[in-house]
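Comments concern the structure below.
All of the numbers you see were taken from the coordinates with simple rules; none came from a lab. These numbers were taken from a predicted model, which means no experiment stands behind them. For neighbour counting, all protein chains shown are included, and Cβ atoms are generated from backbone atoms with ideal geometry for every residue, glycine included.
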Amino acid sequence: MSTPTTTEQDSLQSRLPDPAEFFPEVAAIAGAMTKATRNGSIPQTTVSLVQLRAGQIVGSTYHTVRQTGSLRKAGETEERISAVASWQDAPYFSAAERIALELVEAVLTPNPFGERVPDELYARASTHYDDKALWTLILAIGQICFFIPVALIAKPIPGKAPGKNYNK
């Protein structure tokens, strides 16, 4: 399979038009979620790492391209970005980042042996994050989960700015 040329990429269209055409309040919701996750209680890098991992778990090219781009703009190394997919044995993450990645995996991955987020995982997370930081992490996971169906069903074009990646 060949890589699409720039011309082919420019002609790609999403399956659906911009949801703001039908639901203008989506922009306010998205803005409020972004503001909530940027309250300073956890590093923005952690938010982006968690959201990148979520995109990887659900197989969303749109989200993986978007979060990878955000991490690059923030100055993250290629090693750390690449290692998100195999974070469990990668030497590039702090203990707090590891817990955040473990939490997003627990939320998005079925556990056939019990709770997705057992008390033990919560207890370990609470040693790295205070209540506000845990809520911020929860909101960061919720934010990406809000947009996952958009990416998987509407299929906005990866790499294009929000609002410019939907068909007209």
Could you list Phe23, Phe146, Phe113, Phe93 in order of exposure, starting from the residue whose Cβ has the fewest other Cβ atoms within 10 Å?
Phe113, Phe23, Phe146, Phe93
If you rank Leu16, Leu49 by fewest surrounding Cβ atoms within 10 Å, what's the result?
Leu16, Leu49
Amide H of Lys155: which non-local residues (sequence gap of 5 or more, or other chain) have their own amide H closer than 5 Å, using H built in the peptide plane?
Arg15
Loop-resident sites, segment 57-140, for GluC sites (Glu not before Pro), counting at most 12 other Cβ within 10 Å (DSSP):
Glu115
For the chain, report the translational diffusion coefficient in µm²/s to the nearest whole number, using Stokes-Einstein at 25 °C, 0.890 mPa s, and a Kirkwood Rh over Cα pairs.
144 µm²/s
If amide hydrogens are placed 1.01 Å from N in the peptide plane, which non-local residues have theirs closer than 5 Å to the one on Asn167?
Ser14, Leu16, Asp18
Please arrange Arg66, Arg72, Arg124 by how many other C-beta atoms lie within 10 Å of their C-beta, fewest to most.
Arg72, Arg124, Arg66
Using only the alpha-carbon atoms, how far is helix 61-73 inclined from the longest principal axis of the chain? Give it as 0 to 90 degrees, nearest 10.
70 degrees
³J(HN,Hα) computed for each position of segment 87-102 - Karplus, 6.51 cos²θ - 1.76 cosθ + 1.60, integer Hz, glycine/proline x
4, 4, 10, 8, x, 9, 10, 6, 4, 5, 5, 4, 5, 4, 5, 5
